[in-house]
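Data first, discussion second: the structure below is written as structure tokens.
Please treat every number below as a calculation from the coordinates, not as lab data. Keep in mind that what you see is a predicted model, and the values were worked out from it rather than measured. All Cβ positions, even for glycine, are placed from backbone atoms using ideal geometry, and neighbour counts span all protein chains on display.
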Amino acid sequence: MKRIYLATLVLGLVALATQAEAGTDRRIGTAGAQELRIPVGTRGIALAGATVASNHGLESVFYNPAGLASTEGVEAYFGNTSYIADINVRYLALSSKMDWGSLAFTAKVLDLGDLIVTTEDAPEGTGQVETLTFAVIGLTASRYLTDAISFGATGYFINESILDVHAKGVAFDMGLHYDLPWRNARFGLVMKNLGPDMAFDGANLEHSVQIPGSSPNSRPRVLRTQSAAFDLPTYFELGGEMSAWTSGDNQVMGYGTYQSNNFSKDEFRGGVEYNYQDLLSLRGGYAYADQNDYLFGPSFGAGLNLPLGGGTVSVDYAFQSVDSFFDDMHTISARFKF
């Protein structure tokens, strides 16, 4: 029965993936809600996002919800990324082991800074300053189907707010892990950001207009601009990990991921992680896409695990080089396990 269930899950994910158009230049820039694609999880960022097959507990949720199944006890994660264009990304996540599996709550909030309000009548500014709010709230459930197979799913609530104009939507991730009995190898696949189209609506899309040809004494009409709907940035990932070298307390893990994008060129990701006694980790990664304006270069990072009472605290840092006009990205985080 479990084999039938597994086959159904795999075929379902593959069927969803085949519905997505292969990555091309023609659809670049046509999807919205791009905050769904902004990576979180310091370890994954340092490994260039090549961790679709990694079961690193709570930090795996963004890359593949199936990785949450390995969580033991309670975990809490706090992270901050200095993203491109002076954007700060704050990420909070909490998870707990349940009788039936694992459950996690996540919140990604983008600090886009202050916006000086301008209008047609005041192009230099009205003196009003507004704060932009983009947030993604998630709930993840994951469990082992067999000793070697885990499945996870995440539901997201998306909120974008700009000057009394709002777009709200939902998205879903579904992922699978399969452990192989060789060199700590694991295979993973995930379908991300499935969901209905979104559109903006709100008071600032309404305008008071005097209809041409109407009586001068007639009241202005309130007209609403209809915002065009936009798709979510759906993509499919397939990848694996394995132990490349082990000697005593030293281990080197290798990671690889293929990402098939629906609204941009496909990407290839690879990473290497050195671990000493599960105490110190050094990481590096690289992502590639066949496009001239691809922003991201090599990434690097390190992590330190320390005992804390009856649990542990992990402090991690990641550096992501960025080409062209933007500053490099820096991420720092703390993860607590109880």
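Quick notes on this structure:
- In a simple Cβ point-charge model (Lys, Arg +1; Asp, Glu -1; nothing else charged), segment 175-283 has a dipole of about 480 debye relative to its Cα centre.
- Selected from 101, 204, 134, residue furthest toward positive end of dipole (segment 83-218; charges at beta carbon): 101
- A DSSP coil position with no more than 10 other Cβ atoms inside 10 Å describes the following chymotrypsin sites (Phe, Trp or Tyr not before Pro) in segment 34-140: 100.
- Debye-sum result for the chain in log10 I(q)/I(0), which assumes one identical scatterer on each alpha carbon, at q = 0.07, 0.11 Å⁻¹: -0.33, -0.75
- Normalised by the number of residues in the chain, the mean separation of alpha-carbon contacts (under 8 Å, six or more apart) gives a relative contact order of 20 percent.
- Of the trypsin sites (Lys or Arg not before Pro) in segment 92-156, those whose Cβ has at most 15 other Cβ within 10 Å and which sit in DSSP loop: none
- Summing Cβ point charges (Lys, Arg +1; Asp, Glu -1) relative to the Cα centre of segment 79-208 gives a dipole of roughly 1140 debye.
- Qualifying trypsin sites (Lys or Arg not before Pro) for segment 156-265 [loop in DSSP, other Cβ within 10 Å: at most 15]: 183
- Scanning the chain for GluC sites (Glu not before Pro) in DSSP loops with at most 14 neighbouring Cβ atoms within 10 Å leaves 125-338 as the longest stretch between them.
- Nearest-20 debye value, the chain charge dipole, Cβ charges on Lys, Arg, Asp, Glu: 1040 debye
- Just checking the listed ones, 38, 158, 211: in the Gaussian network model of the chain with Cα springs under 10 Å, the one fluctuating most is 211.
- Dipole of the chain, positive end: most advanced residue of 45, 92, 248 [Cβ charges, Cα centre]: 248
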